[in-house]
Amino acid sequence: MEGIIAGLIGAGLLAAWLLPKLRLRRALARPLAPELVAILERNLAQYARMDEGQQRRLRRLVQQFLHEKAFVGCAGLEVTDEMRVTIAAQACMLVLGGTGDASPANLYPSLHAVLVYPGAFLVPRREVDAAGVVTEQRQDLLGESWGDGRVILSWDHVRRAGAEESPDHNVVLHEFAHQLDSESGSTNGAPYLGSTERYRSWSEVLSRNYAALRRDAMWGQRGVLDHYGASSPAEFFAVATESFFEQPWELSARHPDLYEEFMKYFRVDPRDWVAEPQPVFDDPFQHGLVYGQWR
Ligand SMILES: [Zn+2]
């Protein structure tokens, strides 16, 4: 009798482990539908310049993402394929190189739902001061990443980033960078890196660049990285990830050590996917070249 029960439990566990794998296999058996590929081409600027192998891998990751993660429309929003594919494509571009812990079998393992609002959303914030007084604030947000497996996004801002209206900001890359960061167990600006040696080099390079950004923010000096990244190491990693994928030429020119470190982590070079900006002339009469001095 005990043997039968143990057998049944074993079979149950095997089924629980096997069924999702079989379902995923079935979902990936057919290629991504042409109308979804068209959305990918339209809304992920980097896709056109990826090589064939990268494009194929990205399409499969997008299929897997769409299969595994739930999309929930909030504040009356009806989630469309356009929204699903655009968000999935940008999130999957981060792990295209097989970064950190995210293998194809392990795509944002703790994430289960993406909540989408039509525009910036309000979130009540409770703050308790030393005297125990609780202040409720309401903040406008474009995106949030929660440790409990949720990412919340404003579609209006996702759409704008995809349409290159704001080339230096990308809320999807930002929030999913936080998800990668949290895979290491805490969201502290250091994602899962594997070896101690890698953590040592990461910490040295990122600390140096973070300190420099804090100084720049204090003096109001504008550079490639948004000053929002100076608020904490976790925000620094998220902001620098946006720049790595959206402004790779500018980032590699201004912060070569940071760019190098990110190439080791993400295992891609986004300069392959983004046209090199034309050098700018600071004085049209002198033709003084200020290469590497964007923005
Ligand atoms: Zn953030």
Original post:
Just checking, how many residues over segment 229-257 are more than 18 Å from S207 (Cβ to Cβ) and not charged (D, E, K, R)?
Top reply: 6
**OP:** From the list A211, A234, A217, pick out the single residue that is out of contact with any helix residue (DSSP H, G or I) (no Cβ under 9 Å at 6 or more places or on another chain) and more than 18 Å from D269 (Cβ to Cβ).
**Re:** A211
Subject >> Conditions (1) closer than 19 Å to L111 by Cβ; (2) of a type in the set (D, E, K, R); (3) at pLDDT 95 or above: number failed by R49 >> reply: (1)
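Here's the yes/no breakdown for (1) over 21 Å from the mean Cα position of the chain (by Cα); (2) of a type in the set (D, E); (3) open to solvent by less than 50 Å² (accessible area, probe 1.4 Å):
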| site | (1), (2), (3) |
| --- | --- |
| N170 | no, no, yes |
| D181 | no, yes, yes |
| G185 | no, no, no |
| N188 | no, no, no |
| T196 | yes, no, no |
| V205 | no, no, yes |
| A212 | yes, no, yes |
| A234 | no, no, yes |
Original post:
What residue, among those in segment 112-164 that are within 16 Å of the ligand (Cβ to nearest atom) and among the polar types (S, T, N, Q), is modelled with the lowest pLDDT?
Top reply: Q139
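Quick check on this structure: which one of L107, L66 is surrounded by 15 or more Cβ atoms within 10 Å (Cβ to Cβ) and either hydroxyl-bearing (S, T, Y) or at pLDDT below 95 (or both)?
On the way: L66 fails: either hydroxyl-bearing (S, T, Y) or at pLDDT below 95 (or both).
That would be L107, the only listed residue that is surrounded by 15 or more Cβ atoms within 10 Å (Cβ to Cβ) and either hydroxyl-bearing (S, T, Y) or at pLDDT below 95 (or both).
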Original post:
Can you name the residue in segment 175-189 that is out of contact with any Ser or Thr (no Cβ under 6 Å at 6 or more places or on another chain) and over 10 Å from F236 (Cα atoms) and, of all such residues, is farthest from the ligand (Cβ to nearest atom)?
Top reply: G185
Original post:
Out of segment 211-236, which residues are more than 14 Å from the ligand (Cβ to nearest atom) and touching a residue at least 24 places away in the same chain (Cβ under 8 Å)?
Top reply: R222, G223, V224
Subject >> Residue identified as out of contact with any Cys (no Cβ under 9 Å at 6 or more places or on another chain), at pLDDT 95 or above, part of a loop (DSSP other than H, G, I, E, B) and more than 16 Å from the ligand (Cβ to nearest atom) among V268, V205, V274 >> reply: V268
Subject >> Cross-chain or 6+ apart pairs with Cβ under 6 Å, segment 237-257 first and at negative phi, then away from the ligand (no atom under 16 Å from the Cβ) and of a type in the set (D, E) >> reply: W249/E276
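The values are calculated or read from the model by the stated rules, or taken from the named source; none is laboratory data. Values in this document were obtained by computation on a predicted structure and should not be read as measured data. Glycine also receives a Cβ, built like all others from the backbone with ideal geometry; neighbour counts cover every protein chain displayed. Please note that ligands, DNA and RNA were not included when accessible areas were found on the heavy atoms of the full protein model with its side chains. Shrake-Rupley method; radii C 1.70, N 1.55, O 1.52, S 1.80 Å.
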